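Here's the structure we're looking at; comments come further down.
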Amino acid sequence: MVVHTGDHQMIMSARPALDSRATPEILAGKPTAPSAVVKLAVNKLSCFYGTNKAVRDVSIGIHEYRTTALIGPSGCGKSTFLRALNRMNEVVPGARVEGEMLLDGQDMLQMELTNLRRRVGMVFQKANPFPKSIFDNVAYGLRLHGGKGSHLASAVEQSLQRAALWDEVKDKLHRSAFELSGGQQQRLSIARALAVSPEVLLLDEPCSALDPISTARIEELLYDLKNTCTLVIVTHNMQQAARASDYTGYFLMGSLVEFDETRKMFENPSRQETEDYITGRFG
Amino acid sequence: MRRHFEIELEALQGRVLEMGGLVQRAIHLSVESLQGRNIGAAAEATDEVIERIEPSVNELHREIDQRAIDLLALQQVMAVDLRFVTAATRIGSDLERMSDRSVNIARRSISILTNPNPKLVIQIPRMAETVEAMVRDSLAAFGSRDEDLARSILDRDQEVDEYRDVVFQELVDEVTVETRFIQQALDFILISRNLERIADHATNIAESVVFMVAGEDIRHRYNTAASS
């Protein structure tokens, strides 16, 4: 399918999302997650900071139980777009959005904000633990939603396990989160986001402050998480997008230039602009 | 921590070995049909090689290349993993050519057996036995990353070349005194030529294994030594 969006043409895959050549699971001979439906549909979304149009008429379908990476040069609008997906931009003075965002067909702009952010979680570039214990960091969101007692402890353990951090912290749950390494703090941030069982997890450059080993851990974690969660990751690291995602979108000057299966994007992109960027000839 | 691309590397190895198994069967069927001297059985074996094995081999050849491209483009494989992926694509190409050679042998075998009094050149089964062992060992060396086994295959290529020369001379002598044997002689020469080329591909696989395991490129050394 070819969709014209503003000055740029957006290419969307016409192939079904469960094309047997599309997913690492099938490449590795493993069963795929059962779903390939569009979890989050964005139609002609524009984001403004005052009169500056930072995101221009972007339309994209985020597939359920898949990882979608957003790449592009600095200032291309990819982070602004990501933040719009759980309405983070609303706190910025003068910021506004136009267009439509649907989560399972429901209008996200009309949803009660706490409910939206429970369903669509966010992990930021810099790990931001609260000045509390490891346990209380993860329990924070659960308590807001009424969690307590053994159910709370069980949910904290489960979240830490899903974030591949449990084995490293299970004996020091009541120590300060600041005692953890950078990579552990970032996994703690992911555990905290996972605690309220989000359906979509947004990650804004989650590895940019981490060393290669910690980065590999997070990437493996993301690979496992997509069995239960839909992931959208913004990264300036093209290799990370190639390694960790099933779909990739390339942003340039606020527009989505191309969106397709990651394999297609990195082996045979449709647009010259994408090819120039991923081959290092531009950006 | 086990990274998920390691599972993909294992899957690639599995496909190469699966392709190798098919090619081994194709070689064996094509040679066996000649030795059996039974035109019916030979026709069946030839059908299996051409209709069933060859298309599967071609499909695996494409799949192996695609998996390798995916690993190079998406996983940025390095060092031993990079050499493994490179070796896998080279081996895939060698196996595909070996399968084609088996088809040639099967067709020549049918041609020989349609003759009312087919002769059997005694060196061909011995040559085939040596070639089949080389193919088997080259794939085993790949599967177990056994550098020593791979290097042991290189010396055996000379043995196969000698068989080819003996077969050629024997047939030349034969047709000199009995010209009606010319068609069969040509078929046998082509069979020995195809067996010799299969041995060359097995040698290539062994060289790829040495490159994969030790990072040493030993291609063309033997040729250089032989020509000097």
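For every residue, the table says whether it meets (1) touching a His at 6+ places or on another chain (Cβ under 9 Å); (2) closer than 23 Å to B:Glu196 by Cβ; (3) of a type outside the set (Val, Ile, Thr).
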| position | (1), (2), (3) |
| --- | --- |
| B:Gly20 | no, yes, yes |
| B:Leu34 | no, yes, yes |
| B:Asn38 | no, no, yes |
| B:Ile53 | no, yes, no |
| B:Asp65 | no, no, yes |
| B:Thr89 | no, no, no |
Worksheet item: Do you know which of the residues in segment A:234-256 that are out of contact with any Asp or Glu (no Cβ under 8 Å at 6 or more places or on another chain) and buried (at least 20 other Cβ atoms within 10 Å of the Cβ) is farthest from the other protein chains (Cβ to nearest Cβ)?
Response: A:Gly254
Worksheet item: Across segment B:124-148, what is the number of residues that are surrounded by fewer than 18 Cβ atoms within 10 Å (Cβ to Cβ) and over 15 Å from B:Gln24 (Cα atoms)?
Response: 7
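For (1) part of a loop (DSSP other than H, G, I, E, B); (2) modelled with pLDDT of 95 or more; (3) within 14 Å of another protein chain (Cβ to nearest Cβ); (4) within 20 Å of A:Glu258 (Cα to Cα), each residue gets a yes or a no:
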| site | (1), (2), (3), (4) |
| --- | --- |
| A:Glu25 | no, no, yes, no |
| A:Lys30 | yes, no, yes, no |
| A:Ser35 | yes, no, no, no |
| A:Val42 | no, yes, no, yes |
| A:Ser46 | no, yes, no, yes |
| A:Ala54 | no, yes, no, yes |
| A:Asp57 | no, yes, no, yes |
| A:Gly61 | no, yes, no, yes |
| A:Leu70 | no, yes, no, yes |
Worksheet item: Out of A:Leu180, A:Leu173, which single residue is out of contact with any Phe, Trp or Tyr (no Cβ under 6 Å at 6 or more places or on another chain), more than 24 Å from A:Asp104 (Cα to Cα) and modelled with pLDDT of 95 or more?
Response: A:Leu180
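Mind checking which helices (runs of 4 or more DSSP H) fall wholly inside segment B:1-76 and carry at least 1 residues that are on the phi > 0 side of the Ramachandran plot and either surrounded by 15 or more Cβ atoms within 10 Å (Cβ to Cβ) or within 12 Å of chain A (Cβ to nearest Cβ) (or both)?
It comes to none.
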Worksheet item: For the subset of segment A:202-214 comprising residues that are buried (at least 17 other Cβ atoms within 10 Å of the Cβ) and more than 12 Å from chain B (Cβ to nearest Cβ), which member is modelled with the lowest pLDDT?
Response: A:Leu210
Worksheet, complete the sentence: Of the residues in segment A:257-283 that are touching a Phe, Trp or Tyr at 6+ places or on another chain (Cβ under 8 Å) and part of a helix (DSSP H, G or I), the one that is surrounded by the most Cβ atoms within 10 Å (Cβ to Cβ) is A:Met265
Worksheet item: Here are B:Val175, B:Val166, B:Val121, B:Val85: which of them is more than 20 Å from B:Ala26 (Cα to Cα), in a helix (DSSP H, G or I), among the β-branched types (Val, Ile, Thr) and touching a Phe, Trp or Tyr at 6+ places or on another chain (Cβ under 6 Å)?
Response: B:Val175
Worksheet item: Out of all the residues in segment A:227-245, which are in a loop (DSSP other than H, G, I, E, B) and under 26 Å from A:Ser46 (Cβ atoms)?
Response: A:Thr235, A:His236, A:Ser245
Fill in: Residue check, A:Arg87 among the basic types (Lys, Arg), more than 27 Å from A:Asn268 (Cα to Cα) and modelled with pLDDT of 95 or more
yes
Worksheet, complete the sentence: Taking segment A:79-137 and the residues there that are in contact with an Asp or Glu (Cβ under 9 Å, 6 or more places away or on another chain), in a loop (DSSP other than H, G, I, E, B) and of a type outside the set (D, E, K, R), the one that is farthest from A:Ala191 (Cα to Cα) would be A:Gln125
Worksheet item: Quick one: how many residues across segment B:77-98 are more than 14 Å from every other protein chain (Cβ to nearest Cβ) and in contact with a helix residue (DSSP H, G or I) (Cβ under 6 Å, 6 or more places away or on another chain)?
Response: 12
Worksheet item: Which one of these is touching a Ser or Thr at 6+ places or on another chain (Cβ under 8 Å) and either at pLDDT below 95 or not basic (Lys, Arg) (or both): B:Glu178, B:Glu159?
Response: B:Glu159
Worksheet item: List pairs: first in segment A:92-111 and more than 23 Å from A:Gly254 (Cβ to Cβ), second in a loop (DSSP other than H, G, I, E, B) and not β-branched (Val, Ile, Thr), Cβ under 7 Å, 6+ apart or cross-chain?
Response: none
Worksheet entry | Top-ranked residue of segment A:215-225 - restricted to ones that are farther than 11 Å from A:Gln240 by Cα, of a type outside the set (Asp, Glu) and within 11 Å of chain B (Cβ to nearest Cβ), ranked as farthest from the chain's Cα centre (by Cα) | A:Arg217
Item to complete: May I ask you to list the residues in segment A:138-192 that are hydroxyl-bearing (Ser, Thr, Tyr), part of a helix (DSSP H, G or I) and either within 17 Å of A:Ala209 (Cβ to Cβ) or in contact with a strand residue (DSSP E or B) (Cβ under 7 Å, 6 or more places away or on another chain) (or both)?
Response: A:Ser189
Fill in: Given (1) modelled with pLDDT under 95; (2) touching an Asp or Glu at 6+ places or on another chain (Cβ under 8 Å); (3) of a type outside the set (Lys, Arg), index of the condition A:Gln186 fails
(2)
Practice prompt. Give me the pairs, please: first residue somewhere in segment A:207-233 and touching a residue at least 24 places away in the same chain (Cβ under 8 Å), second residue anywhere and among the basic types (Lys, Arg) and assigned to a loop (DSSP other than H, G, I, E, B), beta-carbon distance under 7 Å, and either six or more positions apart or on two chains.
Written response: A:Ala209/A:Lys126; A:Glu220/B:Arg3; A:Lys226/A:Arg66; A:Thr230/A:Arg66
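The values are calculated or read from the model by the stated rules, or taken from the named source; none is laboratory data. Worth saying up front: this structure is predicted, and the values here are computed from it rather than measured. Cβ: placed from backbone, ideal geometry, glycine included. Neighbour counts: every protein chain shown.
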